[in-house]
1. From the list B:Phe73, B:Phe95, exactly one residue is more than 30 Å from A:Ile127 (Cβ to Cβ) and more than 8 Å from every other protein chain (Cβ to nearest Cβ). Which is it?
2. Tell me which of these B:Leu129 doesn't satisfy, since it passes every other one: (1) under 20 Å from A:His32 (Cα atoms); (2) modelled with pLDDT of 95 or more; (3) more than 10 Å from every other protein chain (Cβ to nearest Cβ).
3. Can you give me the ranges of the helices (runs of 4 or more DSSP H) entirely in the stretch B:160-241 with at least 2 residues that are hydroxyl-bearing (Ser, Thr, Tyr)?
4. A:Phe13 fails exactly one of the following numbered conditions: (1) at the interface with chain B (Cβ under 8 Å from one of its Cβ atoms); (2) under 30 Å from B:Tyr201 (Cα atoms); (3) exposed (fewer than 15 other Cβ atoms within 10 Å of the Cβ); (4) among the hydrophobic types (A, V, I, L, M, F, W, C). What is the number of that condition?
5. So is A:Val146 under 30 Å from B:Arg267 (Cβ atoms), modelled with pLDDT of 95 or more, assigned to a loop (DSSP other than H, G, I, E, B) and under 21 Å from the mean Cα position of the chain (by Cα) or not?
6. Tell me the residue from B:Phe59, B:Phe73, B:Phe35 that is outside the structural domain of B:Asn272 (by TED's automatic domain parsing) and modelled with pLDDT under 95, please.
7. Restricting to the stretch A:201-215, and then to whatever is part of a helix (DSSP H, G or I) and in contact with a Pro (Cβ under 9 Å, 6 or more places away or on another chain), can you tell me which residue is nearest to the other protein chains (Cβ to nearest Cβ)?
Amino acid sequence: MASQSWSYRVFFFFNCVILVSLSLLCILPFIHILAVSLSGNGPTQANEVGLWPVEFTTRPYEHVLSTGQFTRAFGVSVRRVLLGVAVQLILIILLAYPLSKEARNFRGRNVYTWIVVFTMLFNGGIIPMYILMKQLGLFDSVWALVFGGGWGAVPVFLTVLMLNFFRQLPKELDEAATTDGAGEWMKMLRVYLPLSLPSLMTVTMFLIVYHWNSWFDGLIYMTDTKNYPLQTYLRVEINRINNPPQNMDESVVERKVSQRAAVAAQLVIAMLPITAVYPFIQQYFKEGIVLGSVKG
Amino acid sequence: MRIGRFAGSRRFREMLSHPALPLHVMVLPGLALLFVFSYLPMVGIVIAFQDYLPSKGFFGSPWIGLDPYRVIFDIPDTWKVIRNTVVISVLKLFFGLITPVVTALLLNEIRIRWFKRSIQTLVFFPHFLSWVILGGIIIDVFSQNGAVNKLLGWFNLGPYFFMGDPALFRFVVVATDVWKDFGFSMIVFLAALTSIDPSLYESAMMDGANRWRQTLHITLPGIMPIVTLVAILNLGNILNAGFDQIFNLYNALVYETADIIDTYVYRIGLVNAQYGLATAMGLFKSAVGFVLIVISYYLAYRVANYRIF
């Protein structure tokens, strides 16, 4: 750039400092928790751990993984992610494809669209939802987690995203396929879906993150703590630290693994799956956000 | 008999072979599930006007009309949680908009690609973790015996009781919400920045405008429409002050400033099992929220020609 004036260089320097500090602010808390989870009982209690483990030990992890509850909750979460992503991806495609058609080719399209979109504007609230789930007998069932989460049975916002993507594909492809005698199912499976892989990936990523991170549905629809997904289980564990009963102090000190390190270890393990798919998430979320928000 | 005749009729055969029939079949599963899990709960709202008894169900419980509303607005807590909801929302909205816009502008000045990329990767990260995990970390870091107080101790400040002091807690709520989401919100603004016509900058430079003047007269006006749009859309959500976050962070000590409509509904409804009262309160929120969202979509459409589909 031409304007490398003195004042611009000062600005550039401070700009870098600000941006680096912001990024550190976003990442250091996680490194700190990682350090706590790998530190010995003494330093953790005395708050001596910074960004590096003190008196390195893996005991918190051994402790956490040896209790069946954590691994079982992890399993419930994996199950709900697999089931939820598979079922809802299909539902989203099946809803988005027809709704991406023009109303003159598909009568009823606008009515259907309004039925779908209205659920984004208004809802019954948690109490009627809770009573409904109870009456459907879905308490303690994985289907309550698949369909009863915050995004509803069919995530409308992802349906709209998919719908907008289908619409951007050239009309000529559709017309050519119709001329060749392809029906709607054939067109969807053979023409539209193969061309939509990036946005299908975006939707999949959104669903994975959503299902992995959901916790409230588990808290209200699972009556047996054995059926808690990981995030719900963690929430209960953390809450115990945040509101400790008065008589617990002694038992915590006596234990070899401090409650603090144990929770830190569980937080780290719960973050692992998201961290592992983070490169994909980053790529596809950006595409999805830009696609969904600033379209022509 | 009539059905049998219809099934054999030409009209029915035409219907079956109609090219749009598969489209109607496709929407069926999605609509059926939306009917069960979104529309049936809306019917369940009737219990807001009943003395709902689980043993008697929707149809057997006695009607009490608008009584719950009289009760609700007589409880001082109601006004408190409405006030808290709006205050927290407005603060989040303001700082949650300013921060990503400023960061996007600063990042836009960086021309070194790997540097720009790495910063984005790092600030993007917290958005993808649940409030349970972030709550666990925040409670640990902000505890009296935590990292933040240790850091402040180096400057002879504190220790502060962040998670138990009503005034400080509100600060924690707003700050951590901005922290979680500013990297994510930034994407839209970065995309808007790249779509500004480069020739505008060239001609500005010819006229002798420095970087600061270019930012003021080209960049800012260039992203203003999208900033306005995001602000309008967020205004529609003003009654959602962030249940997931607050529920995972708060405790009885800070109800005074942190209890919002959603957490209140949860406690009176699912903890104290006062279904009717909680539903009435929830309905109040849904109804006002509905009006706000419709207004914000309408404004977004008028101001920025925004449509969701």
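The values are calculated or read from the model by the stated rules, or taken from the named source; none is laboratory data. Computed from a predicted structure; not experimentally measured. So basically every Cβ, Gly included, is an ideal-geometry build from the backbone, and we count neighbours across all protein chains shown.
1. B:Phe95
2. All conditions pass for B:Leu129, except number (3).
3. B:166-194, B:198-206
4. (1)
5. So A:Val146 fails the test.
6. The match here is B:Phe59.
7. Residues of the stretch A:201-215 that are part of a helix (DSSP H, G or I), as a first pass: A:201-213.
Then keep just the ones that are in contact with a Pro (Cβ under 9 Å, 6 or more places away or on another chain); that gives A:203, A:206-208, A:210-212.
Details: A:Val203: 14, A:Phe206: 10, A:Leu207: 13, A:Ile208: 10, A:Tyr210: 10, A:His211: 11, A:Trp212: 8 Å.
Result: A:Trp212.
The rows are residues; the columns are (1) at the interface with another protein chain (Cβ under 8 Å from one of its Cβ atoms); (2) more than 30 Å from B:Asn272 (Cα to Cα); (3) within 31 Å of the chain's Cα centre (by Cα).
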position	(1), (2), (3)
A:Asn110	no, yes, yes
A:Val117	yes, yes, yes
A:Pro128	yes, no, yes
A:Leu138	no, no, yes
A:Ala176	no, yes, no
